[in-house]
Amino acid sequence: MPQYDFDYFVIGAGSGGVRSARIAAGHGARVAIAEDRYLGGTCVNVGCVPKKLLAYAAHFSEDFHDAAGFGWTVGESRHDWARLIANKNEEIQRLNGVYRRLLEGAGATLIEGRARLVDAHTVAVGDDRYTADKVLIATGGWPEVPDIPGAREFAITSNEAFFLEKMPRRVVIVGGGYIGVEFAGIFHGLGAEVSLIHRGAMFLRGFDDDLRETLAEEMTRAGIDLRFTSTVERVEKAGDCLLAHLTDGEVLQADQVMFATGRAPHTAGLGLEAAGVEMAKNGAVVIDKDYRTSAPNIYAVGDVTDQLQLTPVAIAEGHALADMLFGKEEGEAASLTNVPTAIFSSPPAAAIGLTEADARERGSVDIYRSTFKPMRHTLGGREEKTMMKLVVDRDSQKVIGCHMVGMDAPEIIQGFAVAMNAGATKRDFDRTIGVHPSAAEEFVTMRTKAPDPAAEEQAAE
């Protein structure tokens, strides 16, 4: 008789957990996976997928505007928020079913309910107890709302934004991360007056400064109200509207206040302490390079570890872990070097590799940068600009950073991510013939280096 009920018990059926369960089952392991909310986790239900659908909807307002320059006569346009949300919900339900079939097809046992660890090898789901040789924690993250007056009573997070009964006409968004920036574009594109409040001097900390500044300029040009070096200190209800009181003394009226001020690892109530799992101060599960926690048989992947909070990263980690634990050949951890990322803002932005600032801290670099008006906008009439930038290591001439703001940026960066991970040099870019006419060709035709601030400073001295 087997010592345990299962070889592998996965807690959390999000992107990382589902992938790990499927791959482990494919290797012949006896796998169980527990979930108490929805299959597919944040990404499928209240993250990447519905957000992208809403972003598509928001961009149609720009398309209607641009159409006239190309000879189209477009009649009066109206948007039906309720229909958008209903259609979005239908698509999410379809994907939930796809995830269920993938798990069942792989031979994994799906257990619906909130799981918690009783000890390192025992998992409780309701009144039932299951034993497992190895356990994976893949419960993801959850939006945080600051403890300020009225915020938790009257405001929403991105989770609730996907299920609003009606479209708000005045929206205050608090937070300068990618979620806040994306929802600013979504609500604005669908017709709302939007104010984005961020406590720092510039939003999107961690991204290249040229990307951040270009996106801020374009969002302001489009009519989004950006408020930096300020934040909301309290929210109150006044009749049918909400009042957002800013730290600079101004009060903004809104139909909806949304906090996008960060996400915390979703570890409360999992019984990790009882199993001997070490956690960081913010509740994140502490792991080593092979995803192992302080309990030798318990592992963790994805947002619950508070590292790179990206769906493809969680999937890669879950897959790699299953191969390492149950594969016939020795596996290895997923590489987190040169991970591409995108912001589905308006306009969209994307990046891979080092920012200029980070690269300069490591050594000498050459910078190539181009800003131009896309061909579509020459007839469409918009003044929106595209910015492209390459960061090149001066000694090796390897391209170590690639950044873009503009139409199709996520699609374009994905291809250049392959080149960078293959070790492409600036010469490789230069000898590649571009697709003409396209915006992407600019990355292989940039020849003029941007001025070197260090050299200019030395010359001035």
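Suppose we keep only residues that are surrounded by fewer than 13 Cβ atoms within 10 Å (Cβ to Cβ) and acidic (Asp, Glu) within segment 64-87. Which one would you say is farthest from Leu379 (Cα to Cα)? Once the filter is applied, the top-ranked residue is Asp80. Among the residues in segment 198-212, are any within 22 Å of Leu164 (Cα to Cα) and either in contact with a Lys or Arg (Cβ under 8 Å, 6 or more places away or on another chain) or among the charged types (D, E, K, R) (or both)? No - not one qualifying residue is present in segment 198-212. Checked against the criterion of being within 22 Å of Glu62 (Cα to Cα) and hydrophobic (A, V, I, L, M, F, W, C), the candidates Val392, Val405, Val365 yield just one match: Val405.
Return the residues of segment 120-143 that are among the hydroxyl-bearing types (Ser, Thr, Tyr) and outside any strand (DSSP E or B); say none if nothing qualifies. Working first, answer last.
Within segment 120-143, the first condition is being among the hydroxyl-bearing types (Ser, Thr, Tyr), and the residues that meet it are 122, 130-131, 139.
Correct list: Thr139 only.
For Gly176, the conditions (1) surrounded by fewer than 24 Cβ atoms within 10 Å (Cβ to Cβ); (2) under 24 Å from Val49 (Cβ atoms) are fulfilled apart from (1).
Please verify whether Ala55 is out of contact with any Gly (no Cβ under 8 Å at 6 or more places or on another chain), in contact (Cβ under 8 Å) with a residue 60 or more places away in the chain and either of a type outside the set (A, V, I, L, M, F, W, C) or crowded, with 18+ Cβ neighbours inside 10 Å (or both), treating the condition exactly as stated. For Ala55, the condition - out of contact with any Gly (no Cβ under 8 Å at 6 or more places or on another chain), in contact (Cβ under 8 Å) with a residue 60 or more places away in the chain and either of a type outside the set (A, V, I, L, M, F, W, C) or crowded, with 18+ Cβ neighbours inside 10 Å (or both) - is not met.
Among the residues making up segment 387-411, a single one is in contact with a strand residue (DSSP E or B) (Cβ under 6 Å, 6 or more places away or on another chain), more than 17 Å from Leu354 (Cβ to Cβ) and surrounded by fewer than 22 Cβ atoms within 10 Å (Cβ to Cβ): Pro410. Looking across segment 189-229, just one residue is free of Cβ contacts under 8 Å to residues at least 60 places away in the same chain, among the polar types (S, T, N, Q) and surrounded by 15 or more Cβ atoms within 10 Å (Cβ to Cβ), and that is Ser195. Selection of segment 162-187 for residues being acidic (Asp, Glu) and within 21 Å of the chain's Cα centre (by Cα) yields only Glu182. The criterion of at least 1 residues that are more than 22 Å from Phe344 (Cβ to Cβ) and among the hydroxyl-bearing types (Ser, Thr, Tyr) is met, among strands (runs of 3 or more DSSP E) falling completely within segment 358-461, by 365-372. Taken together, the criteria place Glu356 among residues that are in the same structural domain as Gln414 (by TED's automatic domain parsing) and among the charged types (D, E, K, R). Selection of first residues in segment 72-86 that are touching a residue at least 40 places away in the same chain (Cβ under 8 Å) and farther than 16 Å from His59 by Cβ and of second residues that are in a loop (DSSP other than H, G, I, E, B) and among the aromatic types (Phe, Trp, Tyr), restricted to Cβ pairs under 7 Å at least 6 apart or on distinct chains, gives the following pairs, ordered by first then second residue: Ile85/Phe163. Please work out which residue is surrounded by the most Cβ atoms within 10 Å (Cβ to Cβ), limiting yourself to segment 131-173 and to residues that are assigned by TED's automatic domain parsing to the domain that holds Ala55 and polar (S, T, N, Q). Filtering segment 131-173 for residues that are assigned by TED's automatic domain parsing to the domain that holds Ala55 and polar (S, T, N, Q), the one surrounded by the most Cβ atoms within 10 Å (Cβ to Cβ) comes out as Thr139. Within 22 Å of Ile179 (Cα to Cα) and of a type in the set (A, V, I, L, M): does that describe Ile315? Spelling it out, Ile315 is indeed within 22 Å of Ile179 (Cα to Cα) and of a type in the set (A, V, I, L, M).
Give the residue that is farthest from Val135 (Cα to Cα), with candidates limited to residues of segment 11-57 that are among the β-branched types (Val, Ile, Thr) and under 23 Å from the mean Cα position of the chain (by Cα).
Once the filter is applied, the top-ranked residue is Val49.
The values are calculated or read from the model by the stated rules, or taken from the named source; none is laboratory data. Small disclaimer: the values here were computed from a predicted structure and weren't measured. Quick reminder, even Gly has a Cβ in these numbers, built from the backbone with ideal geometry, and neighbours come from all protein chains shown.
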